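Input: a single structure, listed below in structure tokens.
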Amino acid sequence: QVQVVESGGGLVQPEGSLRLSCLASGSIFGSDGMGWYRQAPGKQREFVAAITRSANTRYANSVKGRFTISNDNAKNTVYLEMNSLKPEDTGVYYCNSFPLARFKWGQGTQVTVSS
């Protein structure tokens, strides 16, 4: 079973930037891609971005043009570069396989956007 550890979150002002990392304990590219998801306080977990084995990317409309997902297969790591952050981007960010979240969910990393 692949285990994931997310990191890189923090407190940032609106229009600021953060780079999240997701380190997987094993090979992350089997038949799935990898995705980032987030959960805001009082809301359900939602899809944010994904990258497939062929390096195609997909984004939620709310982050398109501001967030960029990438991966380093040699390091079994997936990144999420977040720019022009907004208060509504606040939440706990998780990574998992995509399109089905097959791995055990990690602890996530908290992102707080506030002035």
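The values are calculated or read from the model by the stated rules, or taken from the named source; none is laboratory data. Computed from a predicted structure; not experimentally measured. Counting neighbours? That spans all protein chains shown, and the Cβs are built from the backbone with ideal geometry, glycine included. Side chains are part of the model used for accessible areas, which takes the heavy atoms of the whole protein and leaves out ligands, DNA and RNA. Shrake-Rupley method; radii C 1.70, N 1.55, O 1.52, S 1.80 Å.
Quick look at the numbers
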| quantity | calculated |
| --- | --- |
| Among (1) without any contact (Cβ under 8 Å) to a residue 60 or more places away in the chain; (2) on the phi < 0 side of the Ramachandran plot; (3) in a loop (DSSP other than H, G, I, E, B), the one test that residue 21 misses | (3) |
| Test: residue in the range 13-23 that is closer than 16 Å to residue 103 by Cα and of a type outside the set (Asp, Glu) | yes |
| Which numbered condition residue 100 misses (of (1) open to solvent by less than 20 Å² (accessible area, probe 1.4 Å); (2) aliphatic (A, V, I, L, M); (3) more than 18 Å from residue 7 (Cα to Cα)) | (1) |
| Restricting the range 61-88 to residues that are open to solvent by 40 Å² or more (accessible area, probe 1.4 Å), at pLDDT 95 or above and not in a loop (DSSP other than H, G, I, E, B), the residue that is farthest from residue 41 (Cα to Cα) | 70 |
| All positions within the range 5-36 that are modelled with pLDDT of 95 or more and of a type in the set (Val, Ile, Thr) | 5, 12 |
